[in-house]
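Below is one structure, written out as structure tokens; comments come after it.
Each reported figure results from applying straightforward, stated rules to the coordinates on display, with no laboratory input. If you're wondering where the values come from, they're calculated on a predicted model, not measured in any experiment. Ideal geometry is used to build each Cβ from the backbone, glycine not excepted, and the neighbour counts take in all protein chains shown.
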Amino acid sequence: MTLPGRPHRPIAHSAAGRQLPPARSADPLHGVTLERLLGELVAQHGWGELGRRIPIRCFLFDPSIRSSLAFLRRTPWARAKVEELYVGRKTAG
């Protein structure tokens, strides 16, 4: 069944007739929430090191996940720097 206005996409099957899993995204941030990303960085580096690498107030003074998430969601340049650090960490090892 197709929904109105949406093209029908056939499900891929293997030669044996089994359904293949969906293709994975090449984006290393695909499916990763900002909260999970930040939590992993804090667990690995700690607030002090995060504040040294990305000198933003929410990492340097009375840091918390909640205040940092609020700031990062409102501030695209800061979020980009945090995502860049996360992706670099994931692709390095």
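How far apart, in nm, are two points set 7 Å out from the Cα along the Cα-to-Cβ line at residue 64 and at residue 92?
So the label points at residue 64 and residue 92 sit 3.0 nm apart.
Using the basic label-point model (7 angstrom from Cα toward the beta carbon), what is the residue 75 to residue 35 distance in nanometres?
Roughly 2.1 nm, to one decimal.
With a Förster radius of 25 Å, plug the Cβ-Cβ distance of residue 19 and residue 84 into 1/(1 + (r/R0)^6) and report the FRET value to the nearest 0.05.
0.10
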